[in-house]
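Quick notes on the structure that follows.
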Amino acid sequence: MRILTCLILSLISLTLYAKPQCIAHRGFTENHPENSFSAIMAAVDQQADGVEFDVQHTQDGVALVMHDETLARTVQSKAGRACKLTQLIKELSLKEIRENCELIGDGEIPTLEAVLRYLEDKNLYTFVELKDKPNLRTLKLIERYNSQKPELLRLISFKSKSLKVAKKLKKKNAFWKDVRLMRVYKVFPLNLSSYDIDIYYKTKFMAWLPRLLGKEVGVWTVDEEADLAKIMKTKISYITTNKLMTCLKLK
């Protein structure tokens, strides 16, 4: 009886004093280009609680780790080549991108498969932000490389249609039943969806409502030390940040 009581008290203590997890926004970007392989590796090296990165699909359905719809902001032409920087990624093939384009300051644009393969044996949260609708090939890749740790996987998106495909799999696939799906909002949602919630940090004062409904709640993107310190005192589950080391220090 005494052992059981101690166990219950320990679990209560962990619940009460658990700190939010520090999620590296687009990798560890203080010293590396966003969404680059080096930024993701550095986030792991710095012992982030998790790493977040974005996914866009090429014309031939390959998932690239890239935030924008075009390559213009973070990519340049390879020497002697002409990368179509302003054309939509969904209109370019992987072969065309590989031959002509490279990340500014970091070389080759990583594919989702390469990043997931690297993270497969890493014990940290993986936040995959879907910028467009994933195809079945992408979802199979996600399942393949996270099969041993679905509880550490979060698929997030501003678009509910990007999450619906994975949501349907929850009904018939044991792996997907353990994966959390999070809808990202620029402001706090007036109508709470069936997904977990990732909200803009300035609306964190309303986080009690989705928590009351049993949802996980994360906040984005928190960089000021004073804001990070305040959120560390709340029951928010995840903090997405560009200031990983500050977040970890406060935690």
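Quick notes on this structure:
- Net length gained if the chain between Lys230 and Asp121 were fully extended (0.36 nm per residue, minus Cα distance): 36.0 nm
- The distance linking the range 18-56 with the range 81-156 is 14 Å (Cα centroid to Cα centroid, whole angstrom).
- Antiparallel %, DSSP beta bridges [both residues in the range 60-192], to 5: 45
- Under a model in which nothing but the beta-carbon of Lys, Arg (+1) and Asp, Glu (-1) is charged, the chain shows a dipole of about 1240 debye around its Cα centre.
- In order along the range 59-71, the phi-based Karplus estimate (6.51 cos²θ - 1.76 cosθ + 1.60, θ = phi - 60°) of 3J(HN,Hα) comes to 4, 9, x, 8, 7, 9, 7, 7, 7, 7, 6, 10, 8 Hz; Gly and Pro are listed as x.
- Applying the criteria of a DSSP loop state and at most 12 other Cβ atoms within 10 Å to the trypsin sites (Lys or Arg not before Pro) of the range 169-234 yields Lys171, Lys172, Lys186, Lys233.
- FRET efficiency, Asp45 to Phe175 (Cβ-Cβ, R0 35 Å, nearest 0.05): 0.80
- Of all DSSP beta bridges in the chain, antiparallel share, percent nearest 5: 20
Values quoted throughout were computed directly from the atomic coordinates according to the rules given, and no laboratory measurement underlies them. Only a predicted model underlies this, so the values are computations on that prediction, with no experimental measurement involved. FYI the Cβ positions are ideal-geometry reconstructions off the backbone, even for glycines, and counts take in every protein chain you see.
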